[in-house]
Every structure is written in structure tokens, then in C-alpha cells.
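The values are calculated or read from the model by the stated rules, or taken from the named source; none is laboratory data. The shown structure was predicted, so the numbers you read here are calculated from the model rather than taken from an experiment. When we count neighbours, we look across all protein chains shown, and the Cβ atoms used for this are built from the backbone with ideal geometry, even at glycine. Note: areas computed on protein heavy atoms with side chains; ligands, DNA, RNA excluded. Shrake-Rupley method; radii C 1.70, N 1.55, O 1.52, S 1.80 Å.
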Amino acid sequence: MTYSRFLELFPDNDACLEYLKDKFFGDGTECPKCRKASKFHRITGRSAYSCQYCGHHVYPTAGTIFHKTTVSLQLWFFAIYLMSSTRCGISAKQLEREIGVTYKTAHRMFKQIRTLLNDEGEAPLTGDVEVDESAYGGKPHAYVTRNKLSQIYKTRKPTVLAMVERGGRVRARVVSDRGTRALHGAVTQHVLPSSMLFTDEWDAYRTLAPRYRGHRRIKHQAHVYVDGETHTNTVEGFFGLFKSGVRGVYHSISTAYLQSYLNEYTFRYNRRFSAKPMFWAMLDQVEKDRLASA
Ligand SMILES: [Zn+2]
């Protein structure tokens with residue numbers, strides 16, 4: 001998706017509105033009022049369309065992140081285009097510069113667009129799944145004692161838990177700590193019991209094992225990193241990419257935004273083999289909030 005292609009498809013606000021209209025109220029969509037399969041026609045001068053039978057008005061932006069904002073629809077689409085057009089994303093600061101709005105506005109748009117990129121509602125992971133956790137800002141060295149380790153974790157760098165299907169999808173969550181309760185909760189929520197788990201030898205994973213089809217542990221403390229199929233290279237690779245991605249775009253990110261950055265990052269990662277350009281994948285995520293939609 002090039003910039004000139006973007007301009008060709010979305011030359012103005014009307015084109016963007018028409019796109020949303022086709023997405024939510026395409027020909028044959030049931031009218032919310034008269035319940036007939038209708039066509040909706042643009043009402044001149046308004047961002048609304050009316051039912052061909054009963055004249056009921058529908059608003060394509062209602063219930064979306066675009067509704068009732070002072071920013072034009074085309075700028076929103078352009079912001080999505082910019083956020084989709086680099087491998088690791090861009091910062092709100094870059095967005096401010098590129099689209100010429102205040103930082104406050106750019107930051108709000110950035111956050112809103114990010115909310116689209118979540119993986120809620122997607123199927124849990126399955127198959128061979130590598131699981132690992134990392135203190136954001138680095139994992140302690142393997143040689144520290146158990147006591148020392150728990151001290152380090154008490155000083156609380158946020159912990160990120162990543163679960164990766166070999167050759168497939170990833171889920172990543174900020175968890176409260178690397179204790180049994182937090183790790184078990186997240187893994188059982190996101191990984192099906194029929195999966196084979198691959199982890200390091202951290203105790204919380206050992207007690208998790210009975211809930212899964214199988215469990216292979218890599219003995220990092222004995223400096224064994226790959227033992228046939230038993231390794232956690234995929235998930236470690238994900239962490240490596242994530243951390244260098246963060247460094248490329250930001251100097252660091254605050255804990256408050258860590259999960260939303262993970263969401264954006266995993267959204268990209270999970271579509272790395274997809275033929276659909278990222279711009280369309282992101283735009284596809286625009287949904288109507290069922291409660292707010294009129
Ligand atoms: Zn109608």
C-alpha cells in the first residue's frame with residue numbers, strides 16, 4: 001500500500017465515509033428500523049445515510065473510534081495508514097509531526113487506533129507452544145539463587161508472559177509477577193490443554209504441566225539451550241524482536257503502555273505470513289461498539 005494508492009482510494013472525507021458505509025451498511029443490509037434488506041443513500045451535507053424504504057438514518061461512524069471527534073475522517077484513515085506502513089509502527093510523536101495535529105490529539109488517536117489491535121475473541125493457542133516470561137528490562141541471570149531472584153522480582157520490573165505456537169501465532173500479556181498464580185492463570189486462558197508445552201525449568205511451569213498433554217523443559221541452568229525438539233528459541237526470538245522493535249521506535253515505554261504496545265506488536269507478528277497488507281488488516285478491525293451503535 002503506497003501513499004499514492006492511499007490517496008487514490010481515500011482522496012477526501014466522503015471516500016472514507018463511503019468505505020465505512022459499505023462495511024457496515026452495504027447493499028442488502030437489514031435496516032435497523034423496518035428490518036428490510038435495504039440500500040442506504042447518502043443524505044447530502046450530512047455524514048448519514050437513509051434507508052431506501054423507511055428513510056431511517058444510519059451513521060457509519062456511530063460506535064466507532066471515529067465518531068464525534070474533531071479530527072477529520074481522512075486524517076484518521078491517514079493515521080492508520082502511517083501506523084501500518086512501517087514494520088515496527090510509529091510513535092505518537094511521529095504521528096503528530098506527520099499529520100499536523102497537536103501532540104495531545106495525536107496521542108489520543110494513537111491510543112484509539114491501538115485499541116483496535118487486540119486479539120480478544122481469537123481462538124486459544126494450540127499445538128507445540130513455547131512459553132516464557134521476561135522481566136521487561138531484562139531477565140535475571142540464571143545463576144542467582146532462588147531467594148535473590150524473588151527479591152529481584154519484588155523490585156518489580158513488569159513481567160511479560162509470551163506464548164508462541166511454533167510456526168504460528170503469539171499471545172503476550174503483562175502479568176503481575178512470575179508466580180504460580182499469575183502464570184497458570186494466563187497460560188490456561190490462552191493455551192488449549194491439548195497442547196505440548198515447552199518452557200524453561202522455572203517451578204511455576206512444572207506445576208502447570210499436569211493440565212497439558214505434555215511438557216518439555218529446557219535446562220537453562222545446566223547451560224543446555226537446545227536439546228532436540230526441546231527448546232524455547234521461538235519465544236526467545238519473539239522477545240528479542242519485541243525488544244529491538246521497542247528500542248527502534250521509543251527509547252523505552254512506560255509500564256502503563258506496555259500491554260498496548262504488545263498488542264500492536266503481536267498483531268503484526270501474527271500476520272507476518274498474511275498476504276493482506278497491514279493497512280487493510282488494521283482497517284478491518286474497525287468495529288461498531290454494539291452498545292453505542294445507533
Ligand atoms: Zn428502513
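General remarks:
- Residue-wise HN-Hα couplings along the stretch 193-205, as the Karplus relation 6.51 cos²θ - 1.76 cosθ + 1.60 with θ = phi - 60° gives them from phi, are x, 6, 7, 9, 8, 10, 9, 8, 8, 3, 3, 4, 7 Hz; Gly and Pro carry x.
- Database note for the chain: Cys without another Cys beta carbon under 4.7 angstrom, C16, C88.
- Dipole in debye (nearest 20) - the chain, about Cα centre, beta carbon charges: Lys, Arg +1; Asp, Glu -1: 640 debye
- Among the listed pairs K104/K288; K111/K276; K39/K111; K243/K276; K33/K288; K157/K276, a Cα-Cα separation exceeding 28 Å is found for K39/K111; K157/K276.
- Rolling a 1.4 Å probe over the heavy atoms of the protein chains gives the chain an accessible area of 52 Å² per residue.
- Rg ratio (alpha-carbon, reference 2.2 N^0.38 Å) - the chain: 1.20
- Span-rule helices in the chain, defined as complete DSSP H runs reaching 27 Å or more along the axis (Cα) with Kyte mean at least -1.0: none
- Only DSSP H runs of four or more residues enter the estimate; each adds -39500 (n - 2.57), and after division by the residues of the chain the mean residue ellipticity at 222 nm equals -12000 deg cm²/dmol.
- Alpha-carbon Rg/Rh ratio, for the stretch 171-294, with Rh computed the Kirkwood way: 1.02
- The stretch 67-106 - percent of accessible surface contributed by carbon and sulfur, probe 1.4 Å: 52 percent
- Debye log10 I(q)/I(0) at q = 0.12, 0.18, 0.26 Å⁻¹ for the stretch 4-90, Cα point scatterers: -0.42, -0.81, -1.28
- When the chain is described by a simple charge dipole with +1 on each Lys and Arg Cβ and -1 on each Asp and Glu Cβ, the residue from T105, A256, A62 located farthest towards its positive end is A256.
- Three-way shape label, the stretch 154-194, alpha-carbon gyration tensor, a/c 1.5: oblate
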